[in-house]
Amino acid sequence: MPPAPCHLVLHPDPVLRQKAQAVETFDESLATLVSEMIRIMHESEGVGLAAPQAGHPLQIFVCNAGTENEPDSVFINPEIIEADGTPEWAEEGCLSLPGIHGRVRRPTRVRLRAQNLDGTFFEVESDEFPARIWQHEFDHLQGVLIIDRMRPIDRLAARRTLKDLVARSSQQ
Ligand code: CO
């Protein structure tokens, strides 16, 4: 599976728009991919990263909400099993969309079921910052980016930066 090392994939790479496949084999190559994802997340100073952003359309994301001594979390084959609370707007960015920020509206409380690196199922719940990160990363696994969800006014403001990103990718 993952030919290490991986690198951060930027918009408009088509892998970001694929629907990620379920992970079926919990082996050494999965652990390698996850450690690459964690490396990329920290090197990019992000709070989360989904596998498509490392070039692999698999249902995996990692996150670290960034408070001191916070351990890295790994979510494999995640499912949002509950999402409620009055949806709130908050500003988000994305490592695959450098220079772009916009307000996105999301439920404030989320319960997630996922598997860890051994394949063991677990559930977690948050009504704080992780709830937003999880939903952002879960979107990546559906091929959805913040530019699809942000307020029209923010999308308009991002138009030039998006155009530059597309132009840069076609030069490579
Ligand atoms: Co993102």
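Remark: the Val15-Glu45 segment gains 8.6 nm on full extension, using 0.36 nm per residue and subtracting the alpha carbon distance. For His101, the accessible area of its heavy atoms, probed at 1.4 Å with every protein chain present, is near 110 square angstrom.
Ranked by solvent-accessible area (1.4 Å probe, protein heavy atoms only, all chains present), the residues Arg113, Arg17 order from largest to smallest as Arg17, Arg113. Helical content alone sets the calculated 222 nm signal of the chain at -9000 deg cm²/dmol, taking -39,500 (n - 2.57) per DSSP H segment of four or more residues and averaging over every residue. Shape class of the chain from the alpha-carbon gyration tensor: oblate, with a/c at 1.5 or above and b/c at least as large as a/b.
Indicate the gyration tensor shape class of the stretch 46-133 (rounded, prolate or oblate), computed on the Cα atoms with a ≥ b ≥ c the square roots of the eigenvalues: a/c under 1.5 is rounded; otherwise a/b larger than b/c is prolate and the rest oblate. Oblate is the answer for the stretch 46-133, as a/c is 1.5 or above yet b/c matches or exceeds a/b. Model label points for Ser170 and Ile153, set 7 angstrom from Cα along the Cα-to-Cβ axis, are 3.1 nm apart. For an R0 of 22 angstrom, estimate the FRET efficiency from the Cβ-Cβ distance between Thr120 and Gln142 and round to the nearest 0.05. Calculated transfer efficiency: 0.40. These residues, Glu45, Glu137, go from largest to smallest accessible area, 1.4 Å probe, as Glu45, Glu137.
Taking every protein chain into account, the 1.4 Å probe leaves Arg159 with about 150 Å² of accessible area, to the nearest ten.
The values are calculated or read from the model by the stated rules, or taken from the named source; none is laboratory data. Given the structure is predicted, the values throughout are model-derived calculations rather than measurements. Neighbour counts run over all protein chains shown; Cβ positions are idealised from the backbone, glycine included. These area figures cover heavy atoms from the full protein model, side chains too; ligands, DNA and RNA do not enter into them. Shrake-Rupley method; radii C 1.70, N 1.55, O 1.52, S 1.80 Å.
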